[in-house]
Amino acid sequence: MSIAEPETRPYSREWLLSDRPTSRRQARLGRAYIVWRRFAENRLALVGLAILILLLVVAAFADVLAPHNPVQGDLRNARLLPPGTAGYLLGTDDQGRDILSRLIYGSRLTLLVVVLVAVIAAPIGLIVGTVSGYAGGWIDAVLMRITDIFLAFPKLVLALALVAALGPGIENAILAIAVTSWPPYARIARAETLTFRHSEFIAAVKLMGASPFRIVLRHVMPLCVSSLIVRVTLDMAGIILIAAGLGFLGLGAQPPLPEWGAMIASGRRFILDQWWVAAMPGFAILIVSLGFNLLGDGLRDALDPKEAGQ
Amino acid sequence: MIHKLNKRFRMLSTSAALSLMLLAVPQAFAVTPKDTLVIGLAFDDIITLDPGQAFEFSAGEIGGNSYDRLVRLDINDTSKVTPDLAESWTVSDDGLTYTFKLKQGLKFASGNPITADDVAYSFERSVKIDGPPAFILNQFGLKKDNITQKAVAKDANTFVLTLDQSYAPSFVLNCLTATVAAVVDKKLVSQHVTNDDYGNAWLKTNFAGSGPYKVREWRANEVVVLERNDNYWGEKPKLNRVIYRHMKESAGQRLALDNGDIDVARNLEPNDIDAVAKKGTTVTSTPKGSVFYFSLNQKNPNLKKPEVVEAMKYLVDYDAIGATLIKGVGEIHQTFLPKGILGSLDEKPYKFDVAKAKELLAKAGLKDGFTVTMDVRNTQPTTGIAESLQQTFAQAGIKMELIPGDGKQTLTKYRARTHDIYIGLWGVDYWDPNSNAETFTSNPNNADDGTTKTLAWRNAWDIPELTKETKSGFVERDPAKRAAIYESLQKKVLASGPFVLVYQQTEVAGVGKGVKDFKLGPTFDTNYVFTVSKD
């Protein structure tokens with residue numbers, strides 16, 4: 001006796017949630033839909049996502065959105081104007097430049113830092129972690145001790161030392177942050193790898209004659225990615241803060257680049273009388289960091305298989 | 001219950017600890033004492049108080065208030081000198097011998113009499129200690145091996161100084177107003193000599209002078225205390241004590257001034273000046289002997305072109321910078337001699353003019369501009385001005401990259417002639433036009449291994465004729481003719497020199513209520529505090 005499968009329209013809710021997917025595609029989409037639903041349940045996570053999307057839009061259309069040139073100011077007539085002055089919504093800085101325009105263009109730098117650091121640091125961490133977790137033995141010992149060395153220094157101090165050695169500039173700041181932020185990812189990837197290193201599906205792949213390279217690349221890494229994504233997203237706020245910190249100390253982006261941290265540094269001198277010069281970029285950093293944190297939180301809840309109940 | 005108790009106990013112990021801490025920290029004065037002047041000043045530059053070795057701004061100020069010299073600058077007309085310990089002086093006809101008659105019956109703070117022997121000893125030790133300011137005396141041929149023959153006490157009240165060639169008397173006397181020529185108490189210093197150091201180690205933190213105030217103590221980056229010298233020969237100071245408190249930040253000084261913790265704030269930045277002025281604090285200012293400039297390395301093929309040099313001078317928004325970034329701390333000034341020095345020329349032919357600059361650049365074959373770097377020290381207002389220049393240069397198509405660094409980094413690069421553009425402050429070493437002329441317009445050997453590393457050399461500006469003209473300046477004995485030489489030098493630098501002068505530094509002080517007659521002098525050595533009184 002067989003119960004006829006009720007016909008579902010493709011891409012409908014039922015089709016996505018079906019516990020008997022008829023194709024790989026349906027299974028994958030269904031899985032993504034579940035993750036999205038769990039993510040969307042979390043209102044704060046949606047706020048985070050909205051902030052991030054806003055950041056992307058602002059960065060992409062900076063040329064259109066910015067009312068003024070971010071690097072050419074009017075020193076003579078428009079210096080240190082308070083927020084709300086006609087034409088200068090968030091006021092102007094000590095070079096007579098529009099703070100709003102600088103914030104808008106600065107979002108590009110912030111995104112650049114975040115994306116490049118993620119692109120450099122996450123793969124390094126992933127490779128080091130999975131290789132060391134899967135190989136074990138002396139490879140594990142060596143790689144993990146190196147990781148330990150990096151972890152022994154506070155991130156910012158190490159980044160400072162690196163930038164001081166490489167010379168100030170946004171590229172070097174990105175490099176320094178990337179070099180200092182991979183160790184936690186390696187640790188996570190290794191821990192994840194260890195949990196399924198001896199599981200049956202790995203053994204099965206092995207029996208089928210897969211090389212360790214293939215196993216790590218095709219079977220171990222994909223399983224580590226979701227926890228890594230969560231961690232990277234949660235770290236983004238920290239990366240933004242470190243980049244801003246380096247900029248504040250004059251080691252990050254160089255003038256006239258409208259980097260938010262450097263903007264705070266130049267506004268510090270006026271904090272008693274012209275608070276907005278330092279406060280506006282401060283707010284920008286706060287909002288974007290908050291956005292990344294909320295998003296990361298939501299992603300963790302959504303991607304964590306242990307809480308998925310499956 | 002236990003929880004509650006615990007909580008209460010914790011609160012109690014915390015507040016007890018807090019109040020203990022409050023007690024331990026010295027209470028800030030609500031008002032400064034009536035007989036004491038308290039000055040907030042960043043004096044982290046002081047290395048030593050020995051007048052024979054000190055060459056720092058703050059140490060100069062302490063020296064100016066505590067040590068006497070043969071002659072002092074005339075505060076009212078800084079192109080002249082007035083007698084201090086010397087009563088009168090004569091210059092021999094060949095210009096080699098200077099004879100000083102000392103005032104009679106003067107005493108050091110220690111009570112020892114001031115004699116010509118002390119003066120000769122002071123010259124001897126300054127030359128032999130060979131500190132940074134020793135060159136001021138060395139340039140007259142006073143060297144380690146001949147100083148005891150060249151600076152001689154003829155009798156108790158006659159001091160004779162012999163030079164190696166005839167110099168302009170104004171040049172010699174101007175140099176003798178420097179702290180390095182201050183007179184120390186030979187008897188007292190001799191008691192503290194270790195290893196033939198002329199008492200240098202002892203005098204670093206101690207005092208052996210005769211000025212209106214004596215130095216009671218100096219604690220690095222903390223405090224300098226001056227006390228009235230009751231043996232002073234002139235009009236005695238009205239206040240018993242002057243205390244310098246080390247305060248680095250402008251905002252900190254401003255708050256302390258508002259609270260009455262200090263009487264005078266000395267390192268206020270433009271916006272803090274505005275703020276204290278609004279609250280009714282008196283703001284006093286005097287132009288100083290420092291000029292702010294940026295210089296174009298002539299090794300750079302683009303910067304070498306005369307049209308580019310001229311164009312750069314049109315690409316500074318002088319008016320806007322003067323009205324904003326350096327408001328209160330500087331005045332636009334375009335010649336290399338600061339106002340107040342003999343022969344100083346006050347001409348401002350250049351205005352911000354992008355069209356003119358573009359035209360000049362086109363003539364130089366650089367219609368589309370070029371790329372250049374500028375080494376910038378990480379302090380204000382240098383960074384602010386550099387950023388402003390970056391913007392105005394961009395309007396003429398010149399793309400300038402700023403390379404930030406601390407003072408040491410940028411200077412090292414500058415001295416090695418590996419910069420494109422250097423921006424910074426240049427202060428006169430001694431109050432005479434030769435001080436700046438010698439560095440801006442003299443370059444005896446433009447080779448990389450040249451030994452006279454003047455500013456002209458640092459920018460690889462090869463100028464044999466100007467070097468000769470500069471030399472004629474310090475031997476010309478007629479002051480009027482001498483001034484004319486320096487005017488001509490300034491005009492030449494203004495027209496074609498690779499130095500773009502932007503402003504002359506003004507020193508500013510916020511003076512609290514009740515303080516009377518506080519005035520800043522034209523040099524750091526003449527920031528006199530002994531004329532001040534309080535209500």
*Selection status of A:Pro184, outside any helix (DSSP H, G or I) and surrounded by 14 or more Cβ atoms within 10 Å (Cβ to Cβ)*: no
*asked:* Looking only at segment B:69-79, how many residues end up being surrounded by fewer than 24 Cβ atoms within 10 Å (Cβ to Cβ) and either modelled with pLDDT of 90 or more or in a strand (DSSP E or B) (or both)?
replied: 2
*Identity of the residue in segment A:259-273, assigned to a helix (DSSP H, G or I) and within 11 Å of chain B (Cβ to nearest Cβ), that ends up surrounded by the fewest Cβ atoms within 10 Å (Cβ to Cβ)*: A:Arg268
*Mind listing just one residue for me: the one in segment B:201-229 that is more than 21 Å from B:Leu70 (Cβ to Cβ) and touching a residue at least 60 places away in the same chain (Cβ under 8 Å) and, of those, surrounded by the fewest Cβ atoms within 10 Å (Cβ to Cβ)?*
B:Asn221
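For segment B:254-270: of the residues being assigned to a helix (DSSP H, G or I) and out of contact with any Lys or Arg (no Cβ under 7 Å at 6 or more places or on another chain), which is farthest from A:Ser266 (Cα to Cα)?
Restricting to residues being assigned to a helix (DSSP H, G or I) and out of contact with any Lys or Arg (no Cβ under 7 Å at 6 or more places or on another chain), the top hit is B:Asn259.
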*Considering every residue within segment B:244-264, establish whether at least one is touching a strand residue (DSSP E or B) at 6+ places or on another chain (Cβ under 7 Å), away from every other protein chain (no Cβ under 14 Å) and within 30 Å of B:Asn112 (Cβ to Cβ).*
yes
*Looking at B:Asp429, B:Asp449, B:Asp462, which one is surrounded by 18 or more Cβ atoms within 10 Å (Cβ to Cβ) and part of a loop (DSSP other than H, G, I, E, B)?*
B:Asp429
*Specify which of the listed residues (A:Leu103, A:Leu81) is within 23 Å of the chain's Cα centre (by Cα), under 30 Å from B:Asn271 (Cβ atoms) and not aromatic (Phe, Trp, Tyr).*
A:Leu103
_Pull out all pairs, ordered by first then second residue, where Cβ-Cβ is under 7 Å, the residues are six or more apart or on different chains, the first lies in segment A:16-29 and is free of Cβ contacts under 8 Å to residues at least 40 places away in the same chain, and the second is loosely packed, with under 10 Cβ neighbours inside 10 Å and of a type in the set (Lys, Arg)._
none
*Cross-chain or 6+ apart pairs with Cβ under 7 Å, segment B:383-405 first and more than 9 Å from chain A (Cβ to nearest Cβ), then among the aromatic types (Phe, Trp, Tyr)*: B:Ile398/B:Phe370; B:Met400/B:Phe393
*What number of residues within segment A:58-93 satisfy the criterion of being charged (D, E, K, R), within 11 Å of chain B (Cβ to nearest Cβ) and farther than 14 Å from A:Pro281 by Cα?*
3
*Cβ pairs under 9 Å, 6+ apart, first in segment A:192-205 and outside any helix (DSSP H, G or I), second buried (at least 16 other Cβ atoms within 10 Å of the Cβ)*: A:Arg197/A:Gly133; A:Arg197/A:Tyr134; A:Arg197/A:Val220
*Note down all Cβ pairs under 8 Å where the first residue falls in segment B:368-381 and is assigned by TED's automatic domain parsing to the domain that holds B:Asp406 and closer than 12 Å to B:Asn302 by Cβ, the second is in a loop (DSSP other than H, G, I, E, B) and of a type in the set (A, V, I, L, M, F, W, C), and they're at least six residues apart or on different chains.*
B:Gly369/B:Ala396; B:Gly369/B:Ile398; B:Phe370/B:Ile398; B:Thr371/B:Ile398; B:Val372/B:Ile398
*Consider A:Trp276 against the criteria (1) more than 14 Å from chain B (Cβ to nearest Cβ); (2) buried (at least 21 other Cβ atoms within 10 Å of the Cβ): it satisfies all of them except one. Which criterion is unmet?*
(1)
_Given the options A:Val71, A:Val117, name the one that is assigned to a loop (DSSP other than H, G, I, E, B) and buried (at least 18 other Cβ atoms within 10 Å of the Cβ)._
A:Val71
*Mind checking whether some residue in segment B:366-380 is in a helix (DSSP H, G or I) and either modelled with pLDDT of 90 or more or within 14 Å of chain A (Cβ to nearest Cβ) (or both)?*
no
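If the requirement is being away from every other protein chain (no Cβ under 14 Å), farther than 15 Å from A:Val113 by Cα and surrounded by fewer than 24 Cβ atoms within 10 Å (Cβ to Cβ), which of these qualifies: A:Leu223, A:Leu249?
On the way: A:Leu249 fails: away from every other protein chain (no Cβ under 14 Å).
None of the others qualify; the one that does is A:Leu223.
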*Members of segment A:220-255 that are touching a helix residue (DSSP H, G or I) at 6+ places or on another chain (Cβ under 6 Å) and either without any contact (Cβ under 8 Å) to a residue 40 or more places away in the chain or assigned to a loop (DSSP other than H, G, I, E, B) (or both)*: A:Phe248, A:Leu251, A:Gly252, A:Ala253, A:Pro255
*Restricted to segment B:248-263, and to residues that are among the aliphatic types (A, V, I, L, M) and more than 22 Å from B:Asp35 (Cβ to Cβ), which residue is modelled with the highest pLDDT?*
B:Leu255
*Spot the failing condition for B:Ile341; the list is (1) within 14 Å of chain A (Cβ to nearest Cβ); (2) in a loop (DSSP other than H, G, I, E, B); (3) aliphatic (A, V, I, L, M), and only one is missed.*
(1)
*With respect to B:Val291, is the statement that it is within 21 Å of the chain's Cα centre (by Cα) and surrounded by 22 or more Cβ atoms within 10 Å (Cβ to Cβ) true?*
yes
_segment B:301-318 residues that are free of Cβ contacts under 8 Å to residues at least 12 places away in the same chain, paired with ones that are part of a loop (DSSP other than H, G, I, E, B) (beta carbon under 8 Å, 6 or more apart)_ = B:Lys304/B:Gln298
*Quick one: which of A:Phe270, A:Phe283 is aromatic (Phe, Trp, Tyr) and at pLDDT 90 or above?*
A:Phe283
*Across segment B:495-515, which residue is farthest from the chain's Cα centre (by Cα) among those that are aliphatic (A, V, I, L, M) and in a strand (DSSP E or B)?*
B:Val515
*asked:* Of all residues being part of a helix (DSSP H, G or I), surrounded by fewer than 22 Cβ atoms within 10 Å (Cβ to Cβ) and small (Gly, Ala, Ser) in segment B:306-338, which is nearest to the other protein chains (Cβ to nearest Cβ)? Just the residue, please.
replied: B:Ala320
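The values are calculated or read from the model by the stated rules, or taken from the named source; none is laboratory data. The model shown is predicted, which means the values in this text are computed figures rather than measured ones. In this analysis, Cβ positions are derived from the backbone assuming ideal geometry, glycine residues included, and neighbour counts consider all displayed protein chains.
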